[in-house]
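Enquirer: Below you'll find the structure I mean.
The values are calculated or read from the model by the stated rules, or taken from the named source; none is laboratory data. Owing to the predicted nature of the structure, the values given are computational and were not obtained by experimental measurement. Note: ideal-geometry Cβ built from the backbone for every residue, glycine included; neighbour counts use all protein chains shown.
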């Protein structure tokens, strides 16, 4: 452990090492802005996109990325929302993509929610639609629970955490073990996982861009920084379930679920019997709709974890109609 920490200390103190983990070689579709904040005694910067429509409808949608995603992956969704008149804000959370990756940080969904809330206050945004995908769905739920009076509506797109993996029998694992596993990341491994989970076994050349985006952060010596933060955030996700608090969500909620998704954190280290019970999004989607008091469920039976990337032609009209319905409830 001392060797790992010493190596990380050197990496975090070397500016040249930041090129990979800070995603400096990947261009976003709009100019990246930066929100300065102090969190846990450290001066940090939160990268974000803030895009305004030509014809503003007076509403803002905040797009929260997943663990293996970045703000740029919302591009098609953002363009669609802009055409509909929504202002779009898409941050990179601390520890991810183009945002700061501090050497020591105690990750919590509540902390990421507070960071996001601080950004929105600085931008003067009131009661936006908070929309999250994958880990971002967990974060969006935490945000709505933490700031109910400051949330206009909640949209969760294939969120993870619709079940408590630990309670279902997935064994615990230490951050050190998670880090060692992350150090073994390969481009082939990233693509294989995305193909099986995100795209239901299918692959299109346009998906390679997102593989390369993630893989670029693991390049060079600075890749250890990415691996470290991926380990810390995996530990956060596993140990901070929000599923037990769904009945307390007090804002109108739209659930958009690709039913072929099979995501379950840690299922690879679970027994075969436990693994067989995890990641059943057909069942999880309906249980979530029943648990959240004012929830509407829209499913995509043939799609996987990333409907907005896999089939935007199906996802975007459903999002449009869902947002209209949410607005009608105000």
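For (1) without any contact (Cβ under 8 Å) to a residue 24 or more places away in the chain; (2) within 22 Å of the chain's Cα centre (by Cα), each residue gets a yes or a no:
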site: 275; (1), (2): yes, no
site: 289; (1), (2): no, yes
site: 293; (1), (2): no, no
site: 296; (1), (2): no, yes
site: 303; (1), (2): no, yes
site: 307; (1), (2): no, yes
site: 312; (1), (2): no, yes
site: 315; (1), (2): no, yes
site: 321; (1), (2): yes, no
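Enquirer: Please go through segment 117-141 and pick out each residue that is free of Cβ contacts under 8 Å to residues at least 12 places away in the same chain and either touching a helix residue (DSSP H, G or I) at 6+ places or on another chain (Cβ under 7 Å) or not in a helix (DSSP H, G or I) (or both).
Expert: 124
Enquirer: Which of the residues spanning segment 208-219 are surrounded by fewer than 18 Cβ atoms within 10 Å (Cβ to Cβ) and either touching a strand residue (DSSP E or B) at 6+ places or on another chain (Cβ under 6 Å) or at pLDDT 95 or above (or both)?
Expert: Scanning segment 208-219 gives 208, 209, 212.
Enquirer: Which residue out of 144, 78, 114 is surrounded by 24 or more Cβ atoms within 10 Å (Cβ to Cβ), under 19 Å from the mean Cα position of the chain (by Cα) and not in a strand (DSSP E or B)?
Expert: Residue meeting the stated conditions: 144.
Enquirer: Kindly indicate whether residue 222 is closer than 20 Å to residue 197 by Cβ, touching a helix residue (DSSP H, G or I) at 6+ places or on another chain (Cβ under 9 Å) and at pLDDT below 95.
Expert: In short, no.
Enquirer: Can you pull out the residues in segment 38-75 that are assigned to a helix (DSSP H, G or I) and over 24 Å from residue 321 (Cβ atoms)? First the steps, then the outcome.
Expert: Going through segment 38-75, the residues assigned to a helix (DSSP H, G or I) turn out to be 71-75.
If the condition is that a residue be assigned to a helix (DSSP H, G or I) and over 24 Å from residue 321 (Cβ atoms), then 71, 72 are the ones that fit.
Enquirer: Which of the residues that make up segment 186-202 are touching a helix residue (DSSP H, G or I) at 6+ places or on another chain (Cβ under 7 Å), surrounded by 15 or more Cβ atoms within 10 Å (Cβ to Cβ) and not in a helix (DSSP H, G or I)?
Expert: Once the filter is applied, which keeps residues that are touching a helix residue (DSSP H, G or I) at 6+ places or on another chain (Cβ under 7 Å), surrounded by 15 or more Cβ atoms within 10 Å (Cβ to Cβ) and not in a helix (DSSP H, G or I), segment 186-202 yields only 199.
Enquirer: While we're here: Take segment 161-185 and flag every residue that is exposed (fewer than 13 other Cβ atoms within 10 Å of the Cβ) and assigned to a loop (DSSP other than H, G, I, E, B).
Expert: 167, 171, 172, 174, 184
Enquirer: Determine if segment 169-183 includes at least one residue that is touching a helix residue (DSSP H, G or I) at 6+ places or on another chain (Cβ under 8 Å) and closer than 30 Å to residue 324 by Cβ.
Expert: no
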